[in-house]
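Visitor: Take this structure, written in structure tokens, and hold onto it; I'll ask about it next.
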Amino acid sequence: MNRSFAKFISFIFNPIIVLLVTGFLLTYKTTGDLPGALMWTGYTVLFLAIITLFIFYCVYKKIFTDMDVSKREQRPLLFVVGLLVTVVYLVGLLFLGGPAVLFLITFGVVIGIAFASIINIYLKASIHVATISALMLAIVFAYGNSAYGLLLLIPLVAWSRLKTKRHTLQETIVGAILGVVLSLLVYILMKLFLA
């Protein structure tokens, strides 16, 4: 039962899903425009779908072992494709006049991919834990006291990654540290450029 619940948690808090929900929440918070936030979320869905379809394709062709891209040596390809899709996403945001907060989130993703690529040389950091840490902290920064409970998702996701044997304790801790550092970096940039 615990393992099934852990798999469910890992699936629900997949980095792609978490990015999508957080992008919507932060866009709405910073713009106050619900239709606009929904429109930009739709735009984001297109690019996240491309990455998801790429992962499905690579699993189907046995380039990746699983949907989590659990093997460290398989991750560089995902990082490169993720970076290319992100660049196209950014160009589209710029051309279409996207909200500033999406530029900052995307910048955080690019920096995160760069850090994860470097860390990946030595250790397979948990991208699930890094993503949930970075984005839940970002929501807390944006929404304040009402969002502190979301920080409890960090140990829950870390537990799920340990329980499903996708990561070691060290890998989840490194992921959490990476996420917190990224979130603080983006928060500082947000204060400088959106204040």
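The values are calculated or read from the model by the stated rules, or taken from the named source; none is laboratory data. Small disclaimer: the values here were computed from a predicted structure and weren't measured. Glycine also receives a Cβ, built like all others from the backbone with ideal geometry; neighbour counts cover every protein chain displayed.
Visitor: Check whether at least one residue in segment 66-74 is in contact with a Phe, Trp or Tyr (Cβ under 7 Å, 6 or more places away or on another chain), touching a residue at least 40 places away in the same chain (Cβ under 8 Å), crowded, with 17+ Cβ neighbours inside 10 Å and not basic (Lys, Arg), and report yes or no.
Guide: Within segment 66-74 (the criterion being in contact with a Phe, Trp or Tyr (Cβ under 7 Å, 6 or more places away or on another chain), touching a residue at least 40 places away in the same chain (Cβ under 8 Å), crowded, with 17+ Cβ neighbours inside 10 Å and not basic (Lys, Arg)), the answer is no, since none of the residues qualifies.
Visitor: Name the helices (runs of 4 or more DSSP H) wholly inside segment 1-116 in which the number of residues that are over 20 Å from HIS128 (Cβ atoms) and at pLDDT 90 or above is 3 or more.
Guide: Numbers: elements: 2-12, 15-31, 34-60, 75-96.
The qualifying helices (runs of 4 or more DSSP H) are 15-31, 34-60, 75-96.
Visitor: Which one is nearest to PHE8 (Cα to Cα) among residues in segment 137-177 that are aliphatic (A, V, I, L, M) and buried (at least 24 other Cβ atoms within 10 Å of the Cβ)?
Guide: VAL157
Visitor: Moving on to the next point. Report whether or not LEU48 is free of Cβ contacts under 8 Å to residues at least 40 places away in the same chain and surrounded by 15 or more Cβ atoms within 10 Å (Cβ to Cβ).
Guide: Considered against the rule, which asks whether it is free of Cβ contacts under 8 Å to residues at least 40 places away in the same chain and surrounded by 15 or more Cβ atoms within 10 Å (Cβ to Cβ), LEU48 comes out as yes.
Visitor: Only one residue in VAL157, VAL186 is under 16 Å from the mean Cα position of the chain (by Cα) and modelled with pLDDT of 90 or more, so which one is that?
Guide: VAL157
Visitor: So which residues in segment 10-20 are aliphatic (A, V, I, L, M) and without any contact (Cβ under 8 Å) to a residue 40 or more places away in the chain? Lay out the reasoning, then the answer.
Guide: If we filter segment 10-20 for residues that are aliphatic (A, V, I, L, M), which is where we start, we get 12, 16-20.
Hits for segment 10-20 are ILE12, ILE16, ILE17, LEU20.
Visitor: Would you mind stating whether LYS62 is over 15 Å from the mean Cα position of the chain (by Cα), exposed (fewer than 14 other Cβ atoms within 10 Å of the Cβ) and not aliphatic (A, V, I, L, M)?
Guide: For LYS62, the condition - over 15 Å from the mean Cα position of the chain (by Cα), exposed (fewer than 14 other Cβ atoms within 10 Å of the Cβ) and not aliphatic (A, V, I, L, M) - is met.
Visitor: Take ALA114 and tell me if it is among the small types (Gly, Ala, Ser) and without any contact (Cβ under 8 Å) to a residue 40 or more places away in the chain.
Guide: The answer is yes for ALA114.
Visitor: Of everything in segment 107-136 that's hydroxyl-bearing (Ser, Thr, Tyr) and more than 13 Å from the chain's Cα centre (by Cα), which residue is surrounded by the fewest Cβ atoms within 10 Å (Cβ to Cβ)?
Guide: TYR122
Visitor: Quick one: which residue in LEU104, LEU93, LEU83 is surrounded by 14 or more Cβ atoms within 10 Å (Cβ to Cβ), touching a Pro at 6+ places or on another chain (Cβ under 9 Å) and over 19 Å from GLU171 (Cα atoms)?
Guide: None of the other options fit; the residue is LEU93.
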